[in-house]
Amino acid sequence: MLMTVDERLSRARTMLERRGEAPAELLSPEISASWSRCLKAGLDPRRPPPHAMVDEATLRAARERHDLTRRLALAEMHSLYHQIAGSNYMIAFAAPGGVLLDTIADASFRATASRTAISPGTLWTEGQCGTNALGTVTETRRAVTVHGPEHFFTRLTGLTCTAAPVFAPDATLAGVLDASSECRSRQQHTQALVAMAATQIENGLFREFHRAALVFAFHSRGEYLHTLSAGLIACDAEGVLLGANAQARFLLQGLPAQPGRRFEEIFRLRFATFLDDCASQERLRLEDKVGSTFLARLETPRRPAAVAVSRPVPHAEDASFVAEDPAVRAGLAALAAAVARRVPVLVRGETGTGKEVLARHAHALSRRRGAFVPVNCAALPAHLIEAELFGHADGAFTGARRGGAPGLIVEADGGTLFLDEIGDMPLALQSVLLRLLDDWMVRPVGGAKQRRVDVQLIAATNAELADAVAAGRFRRDLYYRLNTVEILLPPLARRQDLAAIACHLLAAIAPGRRLAPAALARLGEWGWPGNIRELRSILTRLALTPGDGEIGAAAVGAALALPGAEIEQGSGLRAAVRGQVLAAHRETGGNISATARRLGVSRNTIYRALRSSASRPRS
């Protein structure tokens with residue numbers, strides 16, 4: 001008579017506890033092997049060792065060491081928690097060594113979590129807790145479900161735990177994701193959901209690791225291009241492979257999809273042609289060397305949207321760019337093709353739409369070794385702008401720097417020159433810039449020698465240059481040269497990824513804070529005349545509201561009702577925001593522009609905060 005699964009497990013349990021055996025004929029291979037490892041390590045199933053837990057300092061250090069993976073995992077944990085039906089659930093994430101970093105549990109599971117010591121800081125290796133999903137995955141690097149009596153120690157037999165490994169782009173173990181429940185809440189589809197969440201984290205790590213590369217997704221069916229089934233490949237600007245995710249390696253079995261190999265060794269298409277086609281098509285056909293056909297789309301590396309970030313507000317040099325909006329994504333594909341060929345780029349968009357952030361992203365994407373040099377054409381005095389850009393010789397004019405100066409264009413040699421507000425450049429200098437685009441030769445003001453430079457030029461404006469050309473304020477020939485590739489950043493209110501942008505910004509501004517779905521909906525109702533800059537200011541204000549968790553719709557409504565969009569307004573927040581401004585001002589070395597960019601406000605706001613601080617009486 002055949003035994004049922006429960007009968008087989010009951011007999012195996014008896015043999016384990018009475019005779020110290022792990023009967024392979026009664027257990028699944030992974031559970032039998034785990035029990036054998038535990039017995040070999042000297043564990044007694046009837047006498048579990050005390051719970052092991054690291055101290056707060058060690059936990060904090062572990063969280064910092066695995067910061068990126070943890071941030072990506074937290075986003076997936078929240079999503080997974082809502083996907084798994086029923087109650088009595090906990091979602092947990094552990095570092096590669098088995099230390100629990102974070103947990104999310106419903107109220108009904110908290111007593112179980114307390115009884116079984118499932119909390120941040122506890123150690124869940126097999127050597128400490130016997131057979132358990134987290135520890136077994138840490139040992140085997142394979143997904144597993146451990147149900148009830150399959151746990152080595154009796155104190156855990158009331159649980160069903162499913163865990164999956166998360167791998168870094170270099171194939172090392174980056175962490176373990178786990179979903180645990182009481183046995184009566186067991187869900188058959190949990191393992192698939194946990195595995196999908198782990199893959200999502202891995203893809204996030206891949207994109208982040210290759211954030212400065214050209215990343216494209218591909219699949220044999222177009223409807224899967226935006227899913228976890230798509231393969232991801234990262235290349236440099238010359239078409240040399242930098243990495244491929246697990247799904248890409250699966251789709252390209254038998255082909256050399258390893259770092260260091262060239263795009264043309266895998267696909268029947270020149271890489272330069274691929275980039276050119278991506279500039280005009282959102283998706284295109286690719287055929288590999290063995291005849292398999294795929295659809296591909298060039299995407300840009302970006303930080304995941306809904307991530308709780310445990311780090312300071314990023315500097316302007318941090319060129320991450322959220323691009324879930326189809327129009328923006330198409331523009332970024334054109335941008336990637338342009339910088340790969342060193343073609344001038346013109347970025348248009350209203351004030352605050354992120355033109356400089358996009359330019360910095362383009363610089364990172366180009367993998368150019370030189371500096372990113374931003375120039376605000378509207379801020380430079382007309383009589384000095386040529387000397388600032390092209391440099392000047394010693395004594396070239398009254399007030400010239402002793403010994404001369406190389407100029408901003410030379411500073412950008414080998415890198416990227418970003419000319420913001422290009423529409424405000426004087427006509428006389430426009431002709432000089434046009435000559436630069438012809439031969440890339442620079443001669444300083446008052447100097448005789450020229451030098452050739454290698455510069456990626458990105459220009460930006462919030463004006464319609466075609467109108468300026470018609471009005472005689474902008475040279476037609478320069479407009480045509482700059483307009484080789486034009487990227488339009490839509491106003492924030494018209495973007496389909498407003499919620500993703502809000503989550504991304506809040507994650508950087510306030511670690512641990514998150515926006516409730518109703519709050520995101522309320523943000524979507526606003527007109528955002530100040531675009532992303534205004535959104536950053538509102539989120540900064542919201543981050544200063546009481547609490548350290550979720551921000552609700554009522555708080556958003558109250559913030560949006562305040563007059564203006566500068567962060568220092570609102571008497572209840574002035575002191576807190578003043579301190580934030582002063583701290584950022586110190587961290588940027590007293591640089592007003594850098595402080596304003598970091599906080600997402602105007603320079604006038606910084607000046608007012610500094611004046612206010614200076615005028616306050618000292619205690």
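From the list Pro426, Pro406, Pro444, the one residue that fits, being under 18 Å from Asn376 (Cβ atoms) and modelled with pLDDT under 85, is Pro426. When residues in the stretch 460-489 are screened for being among the hydroxyl-bearing types (Ser, Thr, Tyr) and part of a loop (DSSP other than H, G, I, E, B), 1 of them pass.
Listed by first and then second residue, the pairs linking a residue in the stretch 374-403 that is over 19 Å from Gly415 (Cα atoms) and at pLDDT 70 or above to a residue that is β-branched (Val, Ile, Thr) and not in a helix (DSSP H, G or I), with Cβ atoms under 9 Å apart and 6 or more places separating them unless they lie on different chains, are Ile385/Val375; Glu386/Val445; Ala387/Val445; His392/Val445; Ala393/Val445.
Residue count for the stretch 1-60, restricted to those that are surrounded by 14 or more Cβ atoms within 10 Å (Cβ to Cβ), closer than 17 Å to His151 by Cβ and either assigned by TED's automatic domain parsing to the domain that holds Thr145 or among the aliphatic types (A, V, I, L, M) (or both): 12.
Can you find a residue that is surrounded by 24 or more Cβ atoms within 10 Å (Cβ to Cβ), modelled with pLDDT of 90 or more, part of a strand (DSSP E or B) and not acidic (Asp, Glu) anywhere in the stretch 145-160? Looking through the stretch 145-160, at least one residue is surrounded by 24 or more Cβ atoms within 10 Å (Cβ to Cβ), modelled with pLDDT of 90 or more, part of a strand (DSSP E or B) and not acidic (Asp, Glu).
Considering the stretch 194-294, the qualifying strands (runs of 3 or more DSSP E), each wholly inside and each with 3 or more residues that are in contact (Cβ under 8 Å) with a residue 40 or more places away in the chain, run over 214-219. Within the stretch 220-234, being farther than 20 Å from Phe167 by Cβ and out of contact with any Lys or Arg (no Cβ under 9 Å at 6 or more places or on another chain) holds for Ser220, Arg221, Glu223, Tyr224. Against the test of being more than 27 Å from His363 (Cβ to Cβ) and buried (at least 18 other Cβ atoms within 10 Å of the Cβ), the options Leu241, Leu286 yield a single qualifying residue, Leu286.
The values are calculated or read from the model by the stated rules, or taken from the named source; none is laboratory data. None of these values were measured; they are calculated from a predicted model. With ideal geometry, Cβ positions are generated from the backbone for all residues, glycine too; neighbour counts draw on all protein chains shown.
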